[in-house]
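What follows is one structure encoded as structure tokens, with my remarks underneath.
The values are calculated or read from the model by the stated rules, or taken from the named source; none is laboratory data. Being a predicted model, the structure only gives us computed values, none of them experimental. All Cβ positions, glycine included, derive from the backbone under ideal geometry; neighbour counts span all protein chains shown. Areas reflect the complete protein model, heavy atoms only, side chains present, ligands, DNA and RNA absent. Shrake-Rupley method; radii C 1.70, N 1.55, O 1.52, S 1.80 Å.
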Amino acid sequence: MFRGTFTALVTPFREDAIDFTALRNLIESQISAGIDGLIAVGTTGESPTLTHDERKELIGFTVETANKRCLVLAGTGSYSTREAIAATEHAENLGVDGALVVAPYYNKPSQEGLFRHFEAIAHGTTLPIMLYNIPGRCSVDILSETVARLANECRNIVSIKEASGSVDRVSELRRRLPEAFTILSGDDSLTLPFMAVGAAGVVSVASNLFPSEVCALVRTCEAGNLKSAERLHRKLLPLFKDLFIEPNPVPVKTALGWRGAMSPEVRLPLCEMSEANTARLRKTLEDFESKR
């Protein structure tokens, strides 16, 4: 069900309030470019700094603006199982097509704890669920055997956003999981290698800026034209890398600000980029634009 290019939407702010005009324009540009899905209130959307009311408002606004023209998922994960269940329930009531549920962070559960956490969330909703494995942020790794167990025992756990950075992990997941269960890259720069071993797309940060190009990379991979995909990958790679020279989503919002799409504003504890990294990102974007 979940395959292709999904944009992890930024949350535009202006004077610390959500800029819904900028968000509407961003969503429209994504849909016009042929994006397969949008993810509201994920990490790229600065979900840790949003209030509960802001999250609900953003999810509802994204669903309403997309108006069934693409899939909409909501980030509903938490280190509290009860909170994640409640957030997923709210998102379901707002009309999303699925939930992106990150591994519980900070409290470092065992694999059995991870299984029970995701099982409880799955039992509390009819929504299809995309797991989100990002050990670098969460300090826990949803191992492939745990993912396989969840896929086998929870019918609505149907996908995983894999951000372990390991091609071997994708190969292992693909070997263990039912064919209908999809794996999406959690890193733009690993889209090609992950898809080469069985992933079905990407949850992208770069597509906030260049949705057509990221969609083209994914569709070329899906078509099996790996030489063409490799050329696209090489063209996009410097951009993929430099959008993470400072904590996400600071670089991508900075670039969107240069484009005039929104203010580059982020909420503390995030802050503006250093001068050196700003100059580096600007040069990378100029080089990329000159080759489009």
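Return the pair list, or none, for Cβ contacts closer than 8 Å from residues in the range 1-29 that are at pLDDT below 95 to residues that are open to solvent by less than 50 Å² (accessible area, probe 1.4 Å) and of a type in the set (S, T, Y), at least 6 apart or on different chains.
Going by the 8 Å Cβ cut-off, the qualifying pairs are M1/S159; M1/T182.
Please indicate, with yes or no, whether at least one residue in the range 66-84 is in contact with a Cys (Cβ under 9 Å, 6 or more places away or on another chain), within 25 Å of D187 (Cα to Cα) and part of a helix (DSSP H, G or I).
no
Looking at the range 113-139, which of the residues that are under 15 Å from T81 (Cα atoms) and not in a helix (DSSP H, G or I) is farthest from the chain's Cα centre (by Cα)?
Only one residue fits best here, namely G124.
Select, from L100, L71, L26, the only residue that is touching a Ser or Thr at 6+ places or on another chain (Cβ under 9 Å) and farther than 22 Å from D141 by Cβ.
Going through L100, L71, L26 in turn, just one is touching a Ser or Thr at 6+ places or on another chain (Cβ under 9 Å) and farther than 22 Å from D141 by Cβ: L26.
A148 fails exactly one of the following numbered conditions: (1) modelled with pLDDT under 95; (2) closer than 19 Å to R3 by Cα. What is the number of that condition?
Going through the list (1) modelled with pLDDT under 95; (2) closer than 19 Å to R3 by Cα, A148 breaks only (1).
How many residues does the range 214-240 hold that are surrounded by fewer than 18 Cβ atoms within 10 Å (Cβ to Cβ), assigned to a helix (DSSP H, G or I) and either under 16 Å from the mean Cα position of the chain (by Cα) or not basic (K, R) (or both)?
Looking only at that region, the number is 6.
Which of (1) out of contact with any Phe, Trp or Tyr (no Cβ under 7 Å at 6 or more places or on another chain); (2) within 27 Å of N133 (Cα to Cα) does S189 not meet, given it meets every other one?
Among (1) out of contact with any Phe, Trp or Tyr (no Cβ under 7 Å at 6 or more places or on another chain); (2) within 27 Å of N133 (Cα to Cα), S189 violates only (1).
Filter the range 30-80 down to the residues that are more than 15 Å from A8 (Cβ to Cβ) and in contact with a Lys or Arg (Cβ under 9 Å, 6 or more places away or on another chain) and list them by number.
I31, G34, T49, F61, T65
So which residues in the range 151-162 are surrounded by fewer than 22 Cβ atoms within 10 Å (Cβ to Cβ), more than 11 Å from P178 (Cβ to Cβ) and under 21 Å from the mean Cα position of the chain (by Cα), if there are any at all?
Within the range 151-162, N156 is the sole residue that qualifies.
Checking the conditions here, which among G34, G60, G45 is assigned to a helix (DSSP H, G or I) and open to solvent by less than 40 Å² (accessible area, probe 1.4 Å)?
So the residue among G34, G60, G45 that is assigned to a helix (DSSP H, G or I) and open to solvent by less than 40 Å² (accessible area, probe 1.4 Å) is G60.
Kindly list the number of the only condition in (1) in contact with a Lys or Arg (Cβ under 7 Å, 6 or more places away or on another chain); (2) outside any loop (DSSP other than H, G, I, E, B) that fails for V202.
Only one criterion is unmet by V202, namely (1).
What pairs come out if I take residues in the range 257-271 that are within 14 Å of D19 (Cβ to Cβ) and pair them with residues that are open to solvent by 60 Å² or more (accessible area, probe 1.4 Å) and modelled with pLDDT under 95 whose C-beta lies under 6 Å away, six or more apart or interchain?
Correct list of pairs: empty, since none qualify.
Has the range 110-130 got any residue that is within 19 Å of A8 (Cα to Cα), out of contact with any Cys (no Cβ under 9 Å at 6 or more places or on another chain), surrounded by 20 or more Cβ atoms within 10 Å (Cβ to Cβ) and free of Cβ contacts under 8 Å to residues at least 60 places away in the same chain? Can you show your working first?
Of the range 110-130, the ones within 19 Å of A8 (Cα to Cα) are 127-130.
Right, trim to out of contact with any Cys (no Cβ under 9 Å at 6 or more places or on another chain) and you get 127-128, 130.
Retained after the next criterion (residues that are surrounded by 20 or more Cβ atoms within 10 Å (Cβ to Cβ)): 127, 130.
Next cut, free of Cβ contacts under 8 Å to residues at least 60 places away in the same chain only: 127.
The answer is yes, given that some residue of the range 110-130 is within 19 Å of A8 (Cα to Cα), out of contact with any Cys (no Cβ under 9 Å at 6 or more places or on another chain), surrounded by 20 or more Cβ atoms within 10 Å (Cβ to Cβ) and free of Cβ contacts under 8 Å to residues at least 60 places away in the same chain.
Return yes when R175 is in a helix (DSSP H, G or I) and open to solvent by 40 Å² or more (accessible area, probe 1.4 Å) and no when it is not.
Against the criterion (in a helix (DSSP H, G or I) and open to solvent by 40 Å² or more (accessible area, probe 1.4 Å)), R175 qualifies.
Let me spell it out: the conditions are (1) part of a loop (DSSP other than H, G, I, E, B); (2) basic (K, R); (3) closer than 22 Å to L237 by Cα, and K161 meets all of them except one. Which number is the exception?
Checking K161 against (1) part of a loop (DSSP other than H, G, I, E, B); (2) basic (K, R); (3) closer than 22 Å to L237 by Cα, the one that fails is (1).
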